[in-house]
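Working notes, structure below.
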2 protein chains.
Amino acid sequence: MAVIGGIFGKSHRRDSEYIDLAEEVGGKEETEPMMYVKVAELQNYEDLKDFTDYVYNGDILILDTAQISSDDLELERITNELKRVINDIGGDIAGLGRNLLIVTPAGIKVNRRKIRGSF
Amino acid sequence: MAVIGGIFGKSHRRDSEYIDLAEEVGGKEETEPMMYVKVAELQNYEDLKDFTDYVYNGDILILDTAQISSDDLELERITNELKRVINDIGGDIAGLGRNLLIVTPAGIKVNRRKIRGSF
């Protein structure tokens with residue numbers, strides 16, 4: 001599993017594949033978040049239904065397709081289904097790197113041009 | 001620049017580093033998006049100010065830190081500044097892979113546990 005790893009070894013948590021950079025700043029939540037960014041690892045087409053439910057529910061999905069990256073046919077089925085979903089709800093989809101797809105719910109668009117600093 | 005590339009060669013656009021999977025489904029926007037997901041490539045600490053403005057303005061920022069990945073000191077300065085920003089606005093930050101940081105505005109949290117399908 002190549003995509004999720006550690007940036008800084010010292011803050012890497014064993015019980016999760018995430019570096020929780022916000023551990024120290026967590027205590028500030030007075031209200032329930034209005035939305036989540038969820039990261040999911042796609043292993044086959046059948047997983048997709050569970051994951052698209054997040055987007056239907058209004059969350060942003062970052063889909064890691066590394067495990068099926070060699071299967072062009074499966075990838076095409078998946079992107080066709082995802083296109084159908086975002087067409088249905090008015091969301092958006094874009095590739096990020098070789099193995100990540102950003103899938104957004106209604107009202108959220110992915111800015112397709114990568115921004116570089118002016119310095 | 002390693003992180004942003006093409007998933008499917010055939011749909012890769014030359015004028016942008018993004019695969020626009022939503023080209024065919026674009027015409028449905030009746031309303032202005034309420035939020036953007038923006039991807040930015042960080043080259044040094046001085047770039048950060050421009051990028052954090054997106055988060056202050058309510059957009060989600062995906063920051064590609066590949067170009068400074070070998071500079072631990074610079075990375076630490078940057079994550080400290082980002083923590084300060086999200087503490088300030090009530091957002092969230094999490095690492096995604098070796099070289100990506102997700103930075104969210106108020107009301108949006110990153111689900112830290114990577115989801116796997118049940119199949």
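The values are calculated or read from the model by the stated rules, or taken from the named source; none is laboratory data. What you see is a predicted model, and the numbers here were worked out from it, not measured in a lab. Here the Cβ positions follow ideal geometry from the backbone for every residue, glycine too, while neighbour counts run over all protein chains shown. When the accessible area is computed, the model is the full protein with side chains, heavy atoms only, and any ligands, DNA or RNA have been set aside. Shrake-Rupley method; radii C 1.70, N 1.55, O 1.52, S 1.80 Å.
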Problem - In the range A:92-107, residue modelled with the highest pLDDT [restricted to those that are open to solvent by less than 10 Å² (accessible area, probe 1.4 Å) and outside any strand (DSSP E or B)] - result: A:Pro105
Practice task
Assess whether A:Val37 counts as being at the interface with chain B (Cβ under 7 Å from one of its Cβ atoms), modelled with pLDDT of 95 or more and open to solvent by less than 30 Å² (accessible area, probe 1.4 Å).
Solution key: yes
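Scan the range A:108-119 and give yes if some residue there is crowded, with 22+ Cβ neighbours inside 10 Å, assigned to a loop (DSSP other than H, G, I, E, B) and either at positive phi or in contact with a strand residue (DSSP E or B) (Cβ under 8 Å, 6 or more places away or on another chain) (or both), otherwise no.
no
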Fill in the blank from the handout: Residue hits (the range B:76-102; more than 9 Å from chain A (Cβ to nearest Cβ) and either under 16 Å from B:Val37 (Cα atoms) or of a type in the set (S, T, N, Q) (or both)) are B:Asn80
Exercise for the section: Would you confirm whether any residue within the range A:43-60 is in a strand (DSSP E or B) and either open to solvent by less than 10 Å² (accessible area, probe 1.4 Å) or polar (S, T, N, Q) (or both)? Expected result: yes
